[in-house]
Amino acid sequence: MDTGKINIHHLDRFIPGAICAYWCLLSYGVYQTIPLAISPRQELVLKLGWVAGLLVLLPVFILSLFQKSLLSRLIQVALTFMLSLNIWIKALSFLTVILLPSLLVYTRLDRGMLTNDWLMWSLILPLLLFGALVSPFKQLQGTGSKVAFSLLSMAFVMLVAGQFSTVNSYPFSIGWSEGNRFYDYSLVFGKRLYQSATPIEFPYGAPGRYGLWGIWFLFGDFPIEFHRAWNAFLWFAPSLLFGWFTTQQIGSWLLRMAISFWVVLFLDQGPIYAPLLIAAILVVLPMHQRSFWIRASFLALAGWYVGLSRWTWAIVPGAWGVLVDLYLHYPDRQGNPFRRLLPTTLLGLAGIAPGILVNLHRILAPQATTLSLSQPLLWERLLPNATYPPGILLGLATAVGPLTLILAWWVGSKRIRLDPFQWLATIGSLLAFLAAGLVASIKIGGGSNLHNLDMFLVTLLLIFLIWLAKEAAFKPEQWPFSVRLLLCLVIMMPANWVFVSSVAPKILPDKATIEDALEKIQAQVAAAKISGDVLFMDQRQLLTFGRIQNVELVADYEKKYIMDQAMAGNSAYFEIFYNDLKNQRFSLIVSEPLFTNLQDESDNFGKENNAWVTWVSKPILCFYTPKTTLKQVGVQLLIPRENPENCQLP
């Protein structure tokens, strides 16, 4: 309904409770934020905002108790006016509502106040209601669908804004490994950027993954901000396309868009690396094609690509191909079970074989070729811990619990009917990927989020979307109340994750500080390279993008790679490293600031810190001493000690 009378009498009994609940939400958010105010002015703004909220809500609350008919008429007039607005005014108002939270957070207009979750939601809730009222989309019927679309759109915009908030020309690393990753990405197509007397080897054996991020090195020498923008794009675009193509049989483009937004939010709970999602797109693109050969070709391409990206993904496209065929094509086949299942089996093999062949050397000699198999498991990360406060099990249950219950209801209510083969493939694939993801999550270096459960999350999502499309008419209003409540949680939980994890980008040093740091590094590199090798253990992107020039690359001992060796306790690797330190091979080491303090389980990544300190920091600081520490840009320059003594090596 766009104009005319709106019956709101059934809402009368909810208005007082809703006002009280919102008032408590706003008050608690203000109460928590005031002690954190960065200035008296910000504290004053918070208090004035609280008073303004009281002045608006109190009269409405009083009317809802003593003058219900008057309040109903006032609301009726206001709603009728808003619904009768010109379509372009509605569209502009809706766009403003969707963009406002992101603008406040990522332009720092909120001055950090919206980092409080309660205050964030006290802003979002009235915006959602207003967005539903001014929604310009006639296809959306009912207040619930309009609020849901507003919520998904707002959260999607905030996620995208958060990704692009790190796009800048800052030459140093923004995070622990962000800078060095650009160096890694360049090794597939951009080795020409480096001076090296020996061939530069790519140590990770995943050209599909690193080549995707580094594809632009093939076409030219683009600046770091361009590559940061590409990185931001890869963290949401593949999941958006996966949602769009998996729902290709849903007729309404607006519903497909809403589902695609939700898919992005759901997968961000991992998050999920782009190569796995590209493989998923290749699987679903031809899934409604009757041609066996078309589907097999796409599965083979997906299997080959994920095999080049990460060896543990090798079997995933085959499993997805089996599920898609069992749900969409197997039921229409005639004949005995063998004849009906033969195409399914061949499709599975088409998806699995390329990835297996690409990684045959790893499969035949896993201990010799796969370092992660030597790294210890930290079982305590399944439960609440300092590295990931909810713990893997509770975090996963929160992320997928409501969705899993809806799937169970579909099956239990006979809306989805599965035969034994479909049951076996569904439960088998989910349990296998769940087990693999849990083990990967508790490996040292993991467990800080759900990204190692990527195969399980994408498989569960694929099943949900295919079953959703099989619903002849998606009409949640006809579902039981308990299931509609689950659907609300399915929509809200991923959106809430985006809102509560959205923080403004950290404040970077000013231009003068940056240029001064670059000049100091360049000067010390130029002086040191005369007497020996210069090791960029960290900040290798300075070489990649030409901010430090005329120095030969030492490809060994890159920070992330040496961290992997430390977590595995690879003494053979470190024996070579320690000999280079002892012999003072390097006249200068460029590193992050090194420390020697050990941590315990109450610290974030405590075990990883201790491995780094034991295997890397202490040995380096025994043979080398800091010459210059540039704290503001996170760089330390170390030179050989004149007389290192009593170096206790692991």
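The values are calculated or read from the model by the stated rules, or taken from the named source; none is laboratory data. Just so we're clear, the structure is a prediction, and the values are computed from it rather than from any experiment. Here Cβ is always computed from backbone atoms with ideal geometry, including for glycine, and neighbour counts include all displayed protein chains. Side chains included, ligands, DNA and RNA excluded: accessible areas come from the protein's heavy atoms. Shrake-Rupley method; radii C 1.70, N 1.55, O 1.52, S 1.80 Å.
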Please give the helices (runs of 4 or more DSSP H) falling wholly within the range 340-439 in which 2 or more residues are more than 21 Å from A568 (Cβ to Cβ) and of a type in the set (G, A, S).
-> 391-412
Among L438, L378, L434, which is within 30 Å of G606 (Cα to Cα), out of contact with any Pro (no Cβ under 9 Å at 6 or more places or on another chain), touching a residue at least 24 places away in the same chain (Cβ under 8 Å) and open to solvent by 20 Å² or more (accessible area, probe 1.4 Å)?
-> L438
Answer yes if at least one residue in the range 237-254 is in contact with a Pro (Cβ under 8 Å, 6 or more places away or on another chain), open to solvent by 10 Å² or more (accessible area, probe 1.4 Å) and either under 22 Å from L212 (Cβ atoms) or in contact (Cβ under 8 Å) with a residue 40 or more places away in the chain (or both), and no otherwise.
-> no
How many residues does the range 104-159 contain that are open to solvent by 50 Å² or more (accessible area, probe 1.4 Å), aliphatic (A, V, I, L, M), part of a loop (DSSP other than H, G, I, E, B) and touching a Ser or Thr at 6+ places or on another chain (Cβ under 9 Å)?
-> 0
In this structure, is S27 of a type in the set (S, T, Y) and surrounded by 15 or more Cβ atoms within 10 Å (Cβ to Cβ)?
-> yes
Among all residue pairs at least 6 apart or on different chains, which show Cβ distances below 6 Å where the first residue, located in the range 631-650, is part of a strand (DSSP E or B) and the second is open to solvent by 100 Å² or more (accessible area, probe 1.4 Å)?
-> L637/K627; I639/K627
Go through the range 314-325 and count every residue that is assigned to a helix (DSSP H, G or I) and open to solvent by 10 Å² or more (accessible area, probe 1.4 Å).
-> 2
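To keep it simple, each residue is scored yes or no on (1) within 21 Å of the chain's Cα centre (by Cα); (2) over 24 Å from L535 (Cβ atoms).
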residue	(1), (2)
L103	yes, yes
A148	no, yes
P171	no, no
V188	no, no
When S173 is evaluated against the numbered criteria (1) open to solvent by 40 Å² or more (accessible area, probe 1.4 Å); (2) touching a residue at least 24 places away in the same chain (Cβ under 8 Å); (3) part of a loop (DSSP other than H, G, I, E, B), which criterion, by number, is the only one it fails?
-> (1)
The range 508-527, residues that are open to solvent by 40 Å² or more (accessible area, probe 1.4 Å) and assigned to a helix (DSSP H, G or I) | K511, A512, E515, D516, E519, K520, Q522, A523, A526, A527
